[in-house]
Amino acid sequence: MAASNCSPVSFPRLPPTHQHPMWQAWDLAAEMCLLQLPGLLADPTAEFVPSSFFSEQLTAFELWLAHGSSDKKPPEQLPIVLQVLLSQVHRLRALVLLGRFLDMGSWAVDLALSVGIFPYVLKLLQTTSSDLRTTLVFIWAKILALDRSCQADLVKDNGHVYFLKYLDSPEPGIDNHNRAQAAFVLAVVCDQHAKGQALCAAANLLQVLLKWLRLLLPALTASSGNLLLVRWLCICLGNLCDNQPEMAAAAVRDGAADLLAGLLQAQLPELRAAAVFGLGSLIHSLPRQRGAG
């Protein structure tokens, strides 16, 4: 448009984009497709060769990940990576690369949110592909660790069920460190969020938490994955029952208090703190008896 002496106007004002280097990559991709037209028209049996534009952009993003940092220019390919997330051909590779990017720090998560990652990863929760689950859970853990306000949009479309199923999945390929990430997401969903607590309770989160605590506590070892999972199970249990008298009473009836009390003598201070938090939430939230002060 700028070449035709047209000046696009928007409100709020957007920075000039007509000289963005991505246009050169797009022009090359379009030209490579158009160059095939003469051969396709001349030979009806000729096959069209799909554009390698998106694959090349993922490769460029992968190279940036190998050398980039918060002190360097942000990757130009990030918006393209988000678009590719919805493509079945490149989706897994794009998701893995995005996970590597978010793992670079909170600045990377903030940048990804600013360019619009949220609706893409929210839509991916509707997929049933098992090869995406571990990376997707990791990405959501990174997002919620930075921005807890996403909890409302997550439960609006029943996204919490995805993480509940992952946490309780019997598949041997899911280790306890990955399950801990799912427990963290569910803990954030329930954190001072009444709707999240109600939906998770309706999805039987309490029974899943108690099941895994009973499974892990008798044979608790120094494995970092086991300890991390137990810690977030305790915190998630506390958040689920916080200021919810009926849920707290149900948890106590099912033996949650005894399980948490058994961790008060744990050697790891973070584990003891998580048990104290969960036990404190139960005691604080139990229904008050009439006449009690």
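Observations, loosely collected:
- When region 168-187 is filtered for residues that are in a loop (DSSP other than H, G, I, E, B) and open to solvent by 20 Å² or more (accessible area, probe 1.4 Å), the ones remaining, listed by number, are 168, 170, 171, 172, 173, 175.
- Applying the set (1) buried (at least 16 other Cβ atoms within 10 Å of the Cβ); (2) farther than 29 Å from residue 194 by Cβ; (3) modelled with pLDDT under 90 to residue 108 leaves exactly one unmet item: (3).
- When residues in region 71-80 are screened for being open to solvent by less than 40 Å² (accessible area, probe 1.4 Å) and assigned to a loop (DSSP other than H, G, I, E, B), 2 of them pass.
- Among the residues of region 214-228, just one is open to solvent by 60 Å² or more (accessible area, probe 1.4 Å) and under 23 Å from the mean Cα position of the chain (by Cα), namely 224.
- Selected residue (criterion: most open to solvent (accessible area, probe 1.4 Å)) from residues of region 45-70 that are outside any helix (DSSP H, G or I) and more than 19 Å from residue 26 (Cα to Cα): 47
- Search result, residues across region 149-167 that are within 25 Å of residue 212 (Cα to Cα) and either hydrophobic (A, V, I, L, M, F, W, C) or exposed (fewer than 15 other Cβ atoms within 10 Å of the Cβ) (or both): 154, 155, 158, 161, 163, 164, 165, 167
- Cβ-Cβ under 9 Å pairs, at least 6 apart or on other chains, region 30-56 side within 28 Å of residue 82 (Cα to Cα), far side of a type in the set (D, E, K, R): 55/93
- Selection within region 30-54 - more than 27 Å from residue 95 (Cα to Cα) and of a type in the set (Gly, Ala, Ser): 39, 42, 46
- Region 188-208, subset under 12 Å from residue 164 (Cα atoms) and outside any helix (DSSP H, G or I), residue least open to solvent (accessible area, probe 1.4 Å): 203
- Restricting region 32-44 to residues that are in a helix (DSSP H, G or I) and open to solvent by less than 100 Å² (accessible area, probe 1.4 Å) leaves a set whose member that is farthest from residue 103 (Cα to Cα) is 42.
- Every residue from region 229-246 that is open to solvent by 40 Å² or more (accessible area, probe 1.4 Å) and either part of a helix (DSSP H, G or I) or among the hydroxyl-bearing types (Ser, Thr, Tyr) (or both): 231, 232, 245, 246
- Criterion violated by residue 277 - all others in (1) open to solvent by 40 Å² or more (accessible area, probe 1.4 Å); (2) out of contact with any Gly (no Cβ under 7 Å at 6 or more places or on another chain); (3) under 29 Å from residue 150 (Cβ atoms) satisfied: (2)
- Residue check for residue 211: closer than 20 Å to residue 144 by Cα, surrounded by fewer than 23 Cβ atoms within 10 Å (Cβ to Cβ), among the charged types (D, E, K, R) and out of contact with any Leu (no Cβ under 9 Å at 6 or more places or on another chain): no
The values are calculated or read from the model by the stated rules, or taken from the named source; none is laboratory data. The structure presented is a predicted model; accordingly, all values stated were derived computationally and were not measured. We place every Cβ from the backbone using ideal geometry, glycine too, and count neighbours over all the protein chains shown. Areas reflect the complete protein model, heavy atoms only, side chains present, ligands, DNA and RNA absent. Shrake-Rupley method; radii C 1.70, N 1.55, O 1.52, S 1.80 Å.
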